[in-house]
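The values are calculated or read from the model by the stated rules, or taken from the named source; none is laboratory data. Quick caveat: nothing in here was measured; it's all calculated off a predicted structure. Neighbour counts are summed over all protein chains in view; Cβ atoms, including those assigned to glycine, are modelled from backbone coordinates with ideal geometry. Ligands, DNA and RNA are excluded from the accessible area calculation, which covers all protein heavy atoms including side chains. Shrake-Rupley method; radii C 1.70, N 1.55, O 1.52, S 1.80 Å.
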Amino acid sequence: MDSGWNRRRFVGALAGGAAAAALPACDDAPAPATTPPASPATGTSPSGAARRPSGPRPLYLGTYTSAEGGGKGIGLATYDPATGRITGTGTITGVGDPSYLALHPDRRTLYAVDEREDGAVTAVRLSDRKVLGSRGTGGAAPCHLSVHPRGRWLLSANYGSGSVAVHPIDASGALGERTDLVRHSSPPPGPGQDGPHAHQFVTSPDGRHVLAVDLGTDTVYTYRLDEKAGTLTEVARARTRPGAGPRHLTFHPGGRYAYLADEVGDTVSVCSYEPASGRLRVGEAQSTGTGPGTNYPAQLLVTGDGRYAYLANRGHNSLARYAIEADGARLRLLDTVPVEGDFPRQIAFSPEGTLLFAANQRSSTVSVFHVDRATGALRPAGDPFPSPVAVCALPL
């Protein structure tokens with residue numbers, strides 16, 4: 001377990017802490033207004049006509065507090081939705097190694113993983129930035145979390161121990177004690193892996209199932225979530241090719257296809273999905289557009305209209321752009337653009353889908369790009385913003 005966790009934490013080992021002072025280490029800056037359009041589904045930008053952006057918007061930044069040059073907690077910033085310019089405003093302290101962040105559907109509470117050997121998840125009330133407490137995930141190095149669309153359950157993935165956990169969310173946004181924990185005990189680990197490594201835990205677009213992507217077992221597990229008890233029942237498994245090391249799954253807005261990034265195999269795959277059964281079928285491996293050399297695909301995004309997809313390439317340090325064809329059934333690589341940073345760990349759209357943010361772990365920066373709604377083309381929005389060990393950017 002330890003070797004797998006260390007590989008994840010330090011596969012992007014830092015060259016130094018160049019941006020350690022980018023955000024003031026304080027938590028008393030005024031809370032920015034949180035009144036943008038409703039947040040999109042995980043991995044997609046909103047569909048339909050975008051509202052005209054106006055006024056600064058909140059931006060929350062994940063980091064490793066225990067890494068050299070890391071941050072002091074959850075970074076606070078604002079961004080201009082028209083220009084993409086980021087301004088640092090402070091830090092929410094008291095959260096250890098908040099490497100991944102997620103927002104409650106009512107937009108009142110922020111959740112963070114505490115990516116440590118004794119893993120936990122933490123809730124933060126956004127109105128006054130009060131930390132509402134943490135709950136143990138029952139595993140090591142939780143690296144991903146998401147909120148079920150109805151807002152009653154928090155789903156988290158323990159990378160180090162290869163398990164997924166469920167926590168209840170009360171009316172205040174605070175977390176209750178864990179209601180379930182499932183370890184991926186089979187199939188056996190893939191080539192070069194020492195055990196299961198759960199990397200993502202998300203809900204299908206229709207809300208019927210929750211899916212866990214496990215890099216160590218080369219498997220995507222589908223569960224049914226009992227929304228009264230908060231317990232999981234496995235209903236299907238989808239195997240990738242041996243050694244693919246799947247990391248991140250993103251659904252097409254049509255709900256019948258999804259796209260899988262393979263971290264170890266340096267590929268992407270189109271997956272078909274059956275909403276009724278929860279069964280996922282993994283298609284043929286495709287290029288990440290990076291050519292020879294070491295590259296670790298990280299995260300995929302899909303535009304809300306389902307026309308384009310983007311992949312963060314760590315190593316090649318680029319963003320690959322794909323055209324989505326045949327109602328979601330096909331990806332066609334269009335190009336790659338430099339991310340203007342080193343090791344893009346995570347990417348996210350602004351609520352309107354007009355900006356794309358990339359958190360660059362090794363360079364301790366956040367890059368911002370304008371997204372052309374007609375062509376999907378990306379254009380840099382000024383210089384990258386310094387942010388200590390930037391591993392997650394969550395624009396609201």
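Worth a mention:
- Spin-label model, SER54/ARG152: points 7 Å from Cα along the beta carbon direction are separated by 3.8 nm.
- Tail weight of P(r) past 13 Å, computed on alpha-carbon pairs of segment 89-128, percent: 52
- Note on ARG256 and ARG279: the model spin-label points, each 7 Å out from Cα along the C-beta direction, lie 1.5 nm apart.
- At an R0 of 30 angstrom, the distance between the Cβ atoms of ARG108 and THR233 translates into a FRET efficiency of 0.50.
- Portion, in percent, of the accessible area of segment 201-306 that falls on carbon or sulfur, probe 1.4 Å: 47
- Computed over Cα pairs, the Kirkwood radius of segment 223-374 leads via Stokes-Einstein (1.567 mPa s, 4 °C) to a diffusion coefficient of 81 µm² per second.
- As a size descriptor, the averaged projected area of the C-alpha convex hull of segment 72-149 was calculated at 5.8 nm².
- In the chain, helical runs assigned H by DSSP with n ≥ 4 each contribute -39500 (n - 2.57); averaged across all residues and rounded to the nearest 500, the mean residue ellipticity at 222 nm is -500 deg cm²/dmol.
- Coil-residue GluC sites (Glu not before Pro) of segment 177-282, DSSP, other Cβ within 10 Å capped at 16: GLU177, GLU227
- Summed over the residues of the chain and divided among them, the accessible surface reaches 36 Å² per residue at a probe radius of 1.4 Å.
- Filtered trypsin sites (Lys or Arg not before Pro), segment 134-192: DSSP coil and at most 13 other beta carbons within 10 Å: ARG150
- Sorting 197-209, 286-298, 77-89 by their mean Cβ neighbour count within 10 Å, with the most densely packed peptide first, gives 197-209, 77-89, 286-298.
- Taking 7 Å steps out from each Cα toward its Cβ at GLU68 and ASP128 produces label points 4.0 nm apart.
- Of every Cα-Cα pair in the chain, the percent that sits beyond 32 Å: 24
- Relative contact order, percent, the chain [alpha-carbon distance under 8 Å, six or more residues apart]: 15
- Per DSSP, loop GluC sites (Glu not before Pro) in segment 59-137 with at most 16 further Cβ within 10 Å: GLU68, GLU117
- Amide hydrogen proximity for THR217: with H placed 1.01 Å from N in the peptide plane, the residues at 5 or more positions away or on another chain lying under 5 Å are GLY190, HIS197.
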